[in-house]
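Okay, structure first, notes after.
The values are calculated or read from the model by the stated rules, or taken from the named source; none is laboratory data. What you see is a predicted model; the values in this text were computed from it and never measured. Glycine gets a Cβ as well: all are built from the backbone with ideal geometry, and neighbour counts include every protein chain shown. These area figures cover heavy atoms from the full protein model, side chains too; ligands, DNA and RNA do not enter into them. Shrake-Rupley method; radii C 1.70, N 1.55, O 1.52, S 1.80 Å.
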Amino acid sequence: MDFLSTFINVLIIVVLAVPGFFLRRAKLFPDKAASVLATLLLYIAQPFLMMASLLGKQFRPEMLPGFGWVILFAVGLQLLVYFIARLAFSRDKDKAAARAAVASSYLGNVGFMGIPVMQMLFPGNDELVLYTVIYNIAFNAMAWTLGVYAVTGEKRHVSPLKILINPPTIAVIAALPFFFCNLPIPEQVMTPIQYLGDMTLPLSMIILGVRLADMPLRALVCNVRVYAVSAIKLIVSPLAGLGVMLLLRLFLPIESSVIIALFIIGAMPTASSALNFAEMYGGDCETAAASTLMSTVLCIATIPVLMLLCNYI
């Protein structure tokens, strides 16, 4: 995988945050702009992106083992990183900040950023995009259970019903019968779905820019936890996952495409889910927001470097 082309693609994605930053600094976006745009992103753009990533793709029965491995590894690798983060922040005296840091360390931006990144880095490779969509099913289940628990530290906030009743998962469930049955989708239906789904990446980056404009620079660059979270999320997570998968491949028939997809997904920066849960349940919003912003900026350097390893998988 070429370093320069990967670097340029990731840089282009992060640069999309610039309009949101300057519009917020110029006071053209009101105080609640990020929340309003986040609602549009969660309930409209991302669900349609998930649908567009499935509809029109050719299903083959031989894909099923790959889907199974993706689901299995999605759960297992997130648990692995969760416990690594728990250990890393176990001595932190600020328990609320530590909980937010743990959640930010393993909740990756696999929906808003993962699918577009996969499409940009591997144009025309539908299989890797499909693996990313399947990964999102497990991710959403983990986010609404373990993610909520990580932020709050209380089981009473965990709602198993949220595993299925969340917009991206509902969209995938609606699209799966069409995908598995290889049913054709009329162009008049597919076009608006594609347009709405294509909003996901620029919209998520604009929200990031708005939040960056509202974040005091000192809180972003002078917080040691933020760098620890970024190191775990951007380096430890993908490399630990890659090591586990390569080890298991010695004994199990795991395809290289599955390992590559999961490796790249593991290298995504912190998801805004960590911040959303902190806002919803009274967690440490500052740590979650700073971790999301810093890891997204730093991934400009880490993803291209890690992508070089794909040539040896």
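Quick notes on this one:
- Calculation over all alpha carbon pairs of the stretch 1-86 in 5 angstrom steps from 0 returns a P(r) of 3, 9, 8, 11, 14, 21, 17, 9, 4, 2, 0 percent.
- Euclidean distance of C-alpha centroids, the stretch 272-288 and the stretch 235-268, integer Å: 29 Å
- Rounded accessible area per residue of the chain, 1.4 Å, Å²: 45 Å²
- The stretch 221-229 - phi-based ³J(HN,Hα) in whole Hz, Karplus 6.51/-1.76/1.60, Gly and Pro as x: 9, 10, 9, 4, 4, 4, 5, 5, 4
- Within the shell of other residues whose beta carbon sits under 13 angstrom from the beta carbon of W69, the net charge comes to -2, with Lys and Arg scored +1 and Asp and Glu -1.
- Here the chain has 70 percent of its accessible surface on carbon and sulfur atoms, given a 1.4 Å probe and all protein chains in place.
- Across the options A33, F89, L262, the greatest Cα extent toward the positive end of the charge dipole of the chain (unit charges at beta carbon of Lys, Arg, Asp, Glu) belongs to F89.
- With θ taken as phi - 60° and the Karplus curve 6.51 cos²θ - 1.76 cosθ + 1.60 applied, the whole-hertz 3J(HN,Hα) list for the stretch 265-271 is 4, x, 8, 5, x, 4, 7 Hz, x standing for glycine and proline.
- Gyration tensor (Cα) of the stretch 119-245, equivalent ellipsoid semi-axes in angstrom: 31, 21, 18
- Every helix of 4 or more DSSP H residues in the chain counts as -39500 (n - 2.57), and over all residues that averages to -21000 deg cm²/dmol at 222 nm.
- Across the stretch 187-192, coupling constants 3J(HN,Hα) worked out from phi with the 6.51/-1.76/1.60 Karplus curve, θ = phi - 60°, read 4, 5, 8, 5, 4, x Hz, and Gly and Pro carry x.
- For the chain, the number of Lys pairs with C-alpha atoms closer than 22 Å, counting only pairs eight or more positions apart or on separate chains, is 4.
- Amide H contacts of G108 (H built 1.01 Å from N, in plane; Pro and chain starts excluded): A271 sit under 5 Å, all sequence-distant by 5 or more or on other chains.
- Hull shadow area, averaged, the chain [alpha-carbon convex hull, nm²]: 15.8 nm²
- Span from the the stretch 84-152 Cα centroid across to the the stretch 195-219 one, whole angstrom: 17 Å
- What you get for the chain, charging only the Cβ of Lys and Arg (+1) and of Asp and Glu (-1), is a dipole of about 840 debye around the Cα centre.
- Over all other residues within a Cβ to Cβ distance under 11 Å of M215, the charged ones net out to +1, with Lys and Arg as +1 and Asp and Glu as -1.
- Prolate/oblate/rounded call for the stretch 192-240, Cα gyration tensor, a/c under 1.5 rounded: oblate
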